[in-house]
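Just below is one structure, and these are the notes that go with it.
The values are calculated or read from the model by the stated rules, or taken from the named source; none is laboratory data. These numbers come from a predicted model, not from an experiment. Cβ placement follows ideal geometry from the backbone for every residue including glycine, while neighbour counts extend to all protein chains displayed. In case anyone asks, the SASA skips ligands and DNA or RNA and just uses the protein heavy atoms, side chains included. Shrake-Rupley method; radii C 1.70, N 1.55, O 1.52, S 1.80 Å.
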Protein chains: 2
Amino acid sequence: MPLNPADLPSLGSAPTASEIIVKHIREAIVSGAFDEGEFIRQDDVAKLFDVSKIPVREALKRLEAEGLVEFHRNRGAVVASISEPEIAQIFEVRAILESNAIKLSVPKMTPNTLKRAKEYCDAFAQETNVARWSELNWQFHSCLYEDADRPFLLNLIRSVNDRIERYLRIQLTLCGGTGPDEREHRQILAACKKGDADKAAEILHQHITKTCESLLMNLRK
Amino acid sequence: MPLNPADLPSLGSAPTASEIIVKHIREAIVSGAFDEGEFIRQDDVAKLFDVSKIPVREALKRLEAEGLVEFHRNRGAVVASISEPEIAQIFEVRAILESNAIKLSVPKMTPNTLKRAKEYCDAFAQETNVARWSELNWQFHSCLYEDADRPFLLNLIRSVNDRIERYLRIQLTLCGGTGPDEREHRQILAACKKGDADKAAEILHQHITKTCESLLMNLRK
DNA sequence: GAATAAAATATCGTATCCAATATCACATTA
DNA sequence: TAATGTGATATTGGATACGATATTTTATTC
């Protein structure tokens, strides 16, 4: 049998209440639907999903481990607020991880991946909706790392990205415009097409660093 | 008052039951006290700490997010077992993160840090107890990254290390001997003393890669 | 008005219960 | 005998109700 039975049950069965809640709250935080520092009331969430508080508390504990919420003892969970130095450090880690990921990916990159990346890039250039823009941005970035075939690294990159996406969206909502981003994306893509892994990594590193600087500048105003 | 009262309660007050349980189970998994794939029964843990199931379940959800346990639906939590390719990927990420961390740290490294690192290194060379050896190994490594002043990066490195420490300990228990490790530690230390950040990063990268190869070899037998 | 006391609110945790499901031993059948 | 079906059991996932504790807000007193 080609399938390992031990791996299937957790994948095949319906998600638990706590899993569903984790997913929704994570999405709400990442997308910026919650305000920074806003309290997430257990009772409110429980009523919203029509469940008891137990799965809600489990969900919040999980999100705490992901760095998306913080617990204040006997006061509850708040949407994690990230200081400027922390944002800078998270972007720094992004630059490190993603430049290494693309370096591993480029030598194995398929024409199909390049085609998909170009499509995301084109769609990204035309999009005006913030949520969709953010989605396409991630699609573009992550598909450049996929051929590296490093699921652990890719999951880590996703988790690190989740922590700062709300700030990127806030910036974009306030300031609009993705001009320099698109140009840099095309440069990265060109380096990938040429098979120049080091060049792609270098541009990507600069791209992420620049995004961070721009974000911090806009956040300070 | 120089302190913000809102930030204190979570730091100053006694940990919650769930926090205590997280800490103990994490330690038990990391240290290898649990067998890989072993079920962690909610009732057993609850009785052990003399609490109800709720804080236990919250603790297990947290550890799931950290990658230390896996849930099998309606069967419970098991100690996460990591496949060989996953181990290789985790070590690869370690090499990436830690070599970058030491690169950031070396230019700012204080004489005191170098002194502490040497002490850990010396103690490491004489130690025979596995748990203590592992502790000193981490102390040595992490103190080399501290002067970088990047708490987010350091926490990430710790979390990644936690996932594989149980395998390192198993290897050490079975095979003993830390000869090559100690020599490489001294080489890293020498590069740090000289202020050669790139050299330190390079040796560290090789050191971690070699540790991984050696671990996989021993695990396969 | 400032300091203290009391009430309201929400979390953290307990105890008990129930339903769904996975496992295992056993019985049945081909 | 081997494969399949069938309970019995155990454990999880979750509900409910309650108590304890800590924080915030309101009210009261000086």
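Taking Cα atoms only, the orientation of helix B:84-105 departs from the longest principal axis of chain B by about 50 degrees.
In what sequence, highest mean first, do A:197-205, B:123-131 appear when ranked by Cβ atoms within 10 angstrom?
Details: A:197-205: 19.6, B:123-131: 13.8.
Packing order, densest peptide first, comes out as A:197-205, B:123-131.
Using θ = phi - 60° in the Karplus curve 6.51 cos²θ - 1.76 cosθ + 1.60, the 3J(HN,Hα) couplings for segment B:204-221 round to 4, 4, 5, 4, 5, 4, 5, 4, 5, 4, 5, 5, 4, 4, 5, 5, 6, 5 Hz; x is entered for Gly and Pro.
Between A:Trp138 and B:Asp149, the C-beta separation translates, for a Förster distance of 35 Å, into a calculated FRET efficiency of about 0.75. Partner shielding of A:57-67 amounts to 6, given as the average count of beta-carbon atoms from other chains within 10 Å of each residue beta-carbon. Karplus-derived 3J(HN,Hα) values for segment A:108-118, using 6.51 cos²θ - 1.76 cosθ + 1.60 with θ = phi - 60°, are 10, 6, 8, x, 4, 4, 4, 5, 4, 4, 5 Hz; glycine and proline are entered as x. With a 1.4 Å probe, how much accessible area is buried between chains B and A, both sides summed, in Å² to the nearest hundred? Roughly 3100 Å² of accessible surface disappears when B and A pair.
Proximity of backbone amide H atoms, modeled 1.01 Å from N, is registered between A:Val69 and A:Glu64, A:Ala80 at under 5 Å, excluding neighbours fewer than 5 places apart on the same chain. Placing a label point 7 Å from Cα along the Cα-to-Cβ axis, A:Leu216 is separated from the same position in the other copies by 3.7 nm, shortest listed first. The mean number of partner chain beta-carbon atoms within 10 angstrom of a residue's beta-carbon across peptide A:85-96 is 4.
When you look at the Cβ of every residue in A:70-83, what mean number of other chain Cβ atoms sits within 10 Å?
Values: counts 1, 5, 5, 10, 4, 3, 0, 0, 0, 0, 0, 0, 1, 0.
The shielding value for this peptide is 2.
Helix B:53-65 and the long axis of chain B differ in direction by around 30°, with both axes built from C-alpha atoms.
With a cut-off of 16 Å on the backbone N, the residues of segment A:73-105 near the modelled label site 7 Å out from A:Thr173 along Cα-Cβ are A:79-82.
Does chain B classify as rounded, prolate or oblate by the C-alpha gyration tensor (a ≥ b ≥ c root eigenvalues; a/c under 1.5 gives rounded; else a/b over b/c gives prolate, otherwise oblate)?
On the way: a/c = 2.12, a/b = 1.34, b/c = 1.59.
Oblate, because a/c is 1.5 or more while a/b does not exceed b/c.
What shape does segment B:80-168 have by the C-alpha gyration tensor, where a ≥ b ≥ c are the square roots of the eigenvalues, rounded means a/c under 1.5, and otherwise prolate means a/b greater than b/c and oblate the rest? Judged from the Cα gyration tensor, segment B:80-168 comes out oblate (a/c at least 1.5, b/c at or above a/b). Using the Cβ-Cβ distance between A:Thr16 and A:Ser159 with R0 set to 22 Å, the FRET efficiency works out to roughly 0.60. Among the listed pairs A:Lys23/A:Lys47; A:Lys103/B:Lys108; A:Lys118/A:Lys193, those with a Cα-Cα distance over 22 Å are A:Lys103/B:Lys108.
Counting pairs of alpha carbon atoms under 8 Å apart in space and at least six apart in sequence, what relative contact order in percent does chain B give? Mind dumping the intermediate values first?
Details: 224 pairs, mean separation 52.4, N = 221.
Computed value for chain B: 24 percent relative contact order.
A simple spin-label model places the labels of B:Lys23 and B:His72 3.1 nm from each other, with each point 7 Å out along Cα-to-Cβ.
For the protein assembly as shown, the fraction of 1.4 Å probe accessible surface lying on carbon and sulfur atoms is 52 percent.
Each label point was placed 7 Å from the Cα along the Cα-to-Cβ direction; for B:Glu86 and B:Thr209 their separation is 2.5 nm. Once the 1.4 Å probe is applied to the protein heavy atoms, chain A comes out at 50 Å² accessible per residue. The calculated 222 nm mean residue ellipticity attributable to helices in the protein assembly as shown amounts to -24000 deg cm²/dmol, summing -39500 (n - 2.57) over DSSP H runs of n ≥ 4 and dividing by all residues. Model label points for A:Glu202 and A:Glu119, set 7 angstrom from Cα along the Cα-to-Cβ axis, are 3.2 nm apart. Shape class of segment A:120-183 from the alpha-carbon gyration tensor: oblate, with a/c at 1.5 or above and b/c at least as large as a/b.
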